[in-house]
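This report refers to the structure that appears directly beneath it.
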Amino acid sequence: MSLQIAPSLLAADFTRLGEEVARVEQAGVELLHVDVMDGHFVPNITFGPPVVRALRRTTTIPLDVHLMIAEPDRYIDEFVDAGASIVTVHVEAAPHLHRTVRRIRERGARAGVAINPATPVHALEEIVTEVDLVLIMSVNPGFTGQVFLPSSLRKIETVRKLIDSRRGRAVVEVDGGIDLTNIAEVARAGAAIAVAGAAVFHTPDPAAAVAALRQASLS
Ligand code: DX5
Ligand code: ZN
């Protein structure tokens, strides 16, 4: 089975966000990845709940909201109310993860936890059976167009094994620097979802780019 591709809107043209969404809709993507940054947890500032709400009005594709913000508990309700289908928080930003994850699920969204490249997999051990998704960052978060860190591959394998050993249901999503040259290895390591920003939107035909990534993930 090919990987699911979640195009990251961080790499889209913000002056025509609706058209950019329509272009990847044509490719039948299963998720749209929305990178929320606060200029504090990461050195960039992007979208808030109003943009998520606007996206929700323009598409039926599930919105995969990646919170790169400090104190994410303060904003969970707002993002779910705005239309997030998945809310992912960073383990580095959420000290009371069980409470955070429970809140996301109580509000009716799927819950994800993310780890930065320098965070060891064991930080997930106590939470992995409670979540729907584990997001492994393959760049230091903040910007689109960075280079994939090769050490992420071993990490994907380790996380997948951890989830299986605990009989968890979580899928593994990988985010950062994914392109045609590395997506097959990402798939082989055990990922189910690949986020792709520049590799989709910094191309002349984003729908064709999604199709090419799916195809390459099978090789
Ligand atoms: C990075 C974000 C990513 C980013 C991916 O901080 O979390 O989702 O937009 O973009 P590419 O695929 O260009 O690395
Ligand atoms: Zn992201």
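Just so it is clear, none of the values below were taken in a lab; they were calculated from the coordinates. Bear in mind that the values here come from a model prediction, so they are computed numbers and not experimental data. We place every Cβ from the backbone using ideal geometry, glycine too, and count neighbours over all the protein chains shown.
Worth a mention:
- Just one of the listed residues (Asp64, Asp35) is part of a strand (DSSP E or B), within 16 Å of ligand 2 (Cβ to nearest atom) and in contact with a helix residue (DSSP H, G or I) (Cβ under 6 Å, 6 or more places away or on another chain), namely Asp35.
- Test: residue in segment 15-34 that is within 17 Å of the chain's Cα centre (by Cα) and hydroxyl-bearing (Ser, Thr, Tyr): no
- Qualifying residues in segment 69-94 (those that are of a type in the set (Val, Ile, Thr) and either more than 18 Å from Val128 (Cα to Cα) or in a helix (DSSP H, G or I) (or both)) - the one nearest to the chain's Cα centre (by Cα): Ile69
- Residue, farthest from Phe79 (Cα to Cα), within segment 2-32, restricted to residues that are polar (S, T, N, Q) and in a loop (DSSP other than H, G, I, E, B): Ser2
- Test for Val128: is it in contact with a Leu (Cβ under 9 Å, 6 or more places away or on another chain), under 19 Å from Val87 (Cβ atoms) and not charged (D, E, K, R): yes
- Check on Arg154, within 24 Å of Phe143 (Cβ to Cβ) and among the basic types (Lys, Arg): yes
- Sole exception among (1) touching a residue at least 60 places away in the same chain (Cβ under 8 Å); (2) surrounded by fewer than 22 Cβ atoms within 10 Å (Cβ to Cβ); (3) in a helix (DSSP H, G or I) for Arg57, by number: (1)
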